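Peer 1: Take a look at this one; I'll ask things after.
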């Protein structure tokens, strides 16, 4: 039997050999019982070391794909037909609840790199081009050195002290948050912070008030824990505090950059919200998801900085500042909630991975984070100005901008009836990613429009993409 294998270059030799042998066996080109060449002979034919051949044979033998016979050699093992486990699954007594989870709406799920358009106005996403790879690599190397000692124990649920201290210093400076190291809990993104707060604060049937339109994943977290979510409309000043119902235990809000519309909450509305929360005995969750980037006027401090009674839990994330894949965020709860949150964190996943924690702590302490934010601020400001110029220029007959001073997305409401679903579908066909506002509405009447993110789209792609959007709007109108 002649075995056809091709090795390219000198990288990942074992991986190349493994994949080619596995594919040949899975496809049937190497049938069960076929004897493979001795490792010495195959090594000479391919020009690679005998150890690489032996290690690959050993791995495939461990997986049951090959079998070694003493005195005879190595053979392709006889493999039983795969059993299709999906065919005969039992119906569990909890099937209704399983189906409820399986059918949750995931329209806001990010499509990944393979599902994005060439020019994508997706919100909440950044690009690898802005990420400081060299600085991060140095910080990861530092993290590896920190973890090289004789450890072998679990870390603290609230996070490692250097990162908690770095976060406290950063958000005190950048957002005016009143906190110190002992107030900070490191989380796997803002999503986990929301989940932990909901777990310790809510029981089935408890009432949560949140903005409508608002952040749909937060609504799903509260609902899946059995809470009753009350939709509270927003106006030009933010959440309508006088419509927060009696009996509310938790209030979720995005005061610095309302999601998805973008306007900031006014000072009067902030004071009214804190007073209403104190009256109800409710916790206010302040999701400050992307407010490090501010473009107009005096920077507005976080709502938490106004809290004098311990009713605000502040949530932030590095997904918007650095990369979503890092899955690192933080929670600054009222001090009275901290012990309960530590216990809840310990029984859910114990703690976040310490390697990225050490790396991020170094990244902050060396000043790389502030440097990165300043650099991205200039890039995002230029993209924002370009989009605003188009919205106030040739796109103005169809789209009206919602005033926004922070973050890296803009919202534009329709001035005339347009089928947004059809618009986004047609845009996708010309490699432009557009996103409507309908998925963020629950009970409030849908205010049709577009969420235009400018974190992931390249500056040079904005005008050509908006030219295509203008042409589509002309056709649909």
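Peer 1: Which residues, taken from segment 325-344, are surrounded by fewer than 17 Cβ atoms within 10 Å (Cβ to Cβ) and touching a helix residue (DSSP H, G or I) at 6+ places or on another chain (Cβ under 6 Å)?
Peer 2: 340, the sole residue that qualifies.
Peer 1: Scanning segment 216-235 for residues that are in a loop (DSSP other than H, G, I, E, B) and modelled with pLDDT under 95, which turns out surrounded by the fewest Cβ atoms within 10 Å (Cβ to Cβ)?
Peer 2: Of all residues in segment 216-235, those in a loop (DSSP other than H, G, I, E, B) come to 225-227.
Next cut, modelled with pLDDT under 95 only: 225-226.
Working: 225: 16, 226: 12.
Looking at the filtered set, the residue picked out is 226.
Peer 1: Looking at this structure, is residue 359 within 26 Å of residue 406 (Cα to Cα) and at pLDDT 95 or above? Steps first, please.
Peer 2: Working: within 26 Å of residue 406 (Cα to Cα): no; at pLDDT 95 or above: yes.
Here the answer is no, as residue 359 does not meet what is asked.
Peer 1: Moving on to the next point. Among the residues of segment 202-215, which ones are surrounded by fewer than 22 Cβ atoms within 10 Å (Cβ to Cβ) and at negative phi? Explain how you work it out, then say what you get.
Peer 2: In the first step, residues of segment 202-215 are kept if they are surrounded by fewer than 22 Cβ atoms within 10 Å (Cβ to Cβ); the result is 202-207, 212.
Hits for segment 202-215 are 202, 203, 204, 206, 207, 212.
Peer 1: Also: Against the condition touching a residue at least 12 places away in the same chain (Cβ under 8 Å), under 21 Å from residue 194 (Cα atoms) and either assigned by TED's automatic domain parsing to the domain that holds residue 121 or more than 18 Å from the chain's Cα centre (by Cα) (or both), how does residue 347 come out, does it pass?
Peer 2: Details: touching a residue at least 12 places away in the same chain (Cβ under 8 Å): no; under 21 Å from residue 194 (Cα atoms): yes; either assigned by TED's automatic domain parsing to the domain that holds residue 121 or more than 18 Å from the chain's Cα centre (by Cα) (or both): yes.
Taking the combined requirement at face value, the residue does not satisfy it.
Peer 1: In segment 153-188, which residues are at positive phi and buried (at least 19 other Cβ atoms within 10 Å of the Cβ)?
Peer 2: At the first step, the residues of segment 153-188 found to be at positive phi are 159, 176.
If the condition is that a residue be at positive phi and buried (at least 19 other Cβ atoms within 10 Å of the Cβ), then 159 is the only one that fits.
Peer 1: Oh, and also: Are there any pairs with C-beta distances below 7 angstrom linking a residue in segment 266-277 that is outside any helix (DSSP H, G or I) to a residue that is surrounded by 15 or more Cβ atoms within 10 Å (Cβ to Cβ), with the two at least 6 apart or on different chains, and if so which?
Peer 2: Partner pairs satisfying both residue conditions: 266/237; 266/238.
Peer 1: Answer yes or no as to whether residue 294 is more than 18 Å from the chain's Cα centre (by Cα), exposed (fewer than 15 other Cβ atoms within 10 Å of the Cβ) and within 28 Å of residue 139 (Cβ to Cβ). Please lay out each step first, then the result.
Peer 2: Values: more than 18 Å from the chain's Cα centre (by Cα): yes; exposed (fewer than 15 other Cβ atoms within 10 Å of the Cβ): no; within 28 Å of residue 139 (Cβ to Cβ): yes.
No: the conditions fail for residue 294.
Peer 1: Any idea which residue in segment 143-152 is nearest to residue 343 (Cα to Cα), counting only those that are surrounded by fewer than 17 Cβ atoms within 10 Å (Cβ to Cβ) and in contact (Cβ under 8 Å) with a residue 24 or more places away in the chain?
Peer 2: Start the filter on segment 143-152 by keeping residues that are surrounded by fewer than 17 Cβ atoms within 10 Å (Cβ to Cβ), which leaves 144-145, 147-152.
Applying the additional criterion that residues be in contact (Cβ under 8 Å) with a residue 24 or more places away in the chain yields 144, 147.
On the way: 144: 28, 147: 25 Å.
That would be 147.
Peer 1: Okay, next question. Of 157, 162, which residue is in contact with a helix residue (DSSP H, G or I) (Cβ under 6 Å, 6 or more places away or on another chain) and in a loop (DSSP other than H, G, I, E, B)? Break it down into steps so the answer makes sense when it comes.
Peer 2: On the way: 162 fails: in a loop (DSSP other than H, G, I, E, B).
Exactly one residue qualifies, and that residue is 157.
The values are calculated or read from the model by the stated rules, or taken from the named source; none is laboratory data. Predicted model only: the values in this text are computed from it and were never measured. Please note: Cβ atoms are built from the backbone with ideal geometry, for glycine as well, and neighbour counts cover all protein chains shown.
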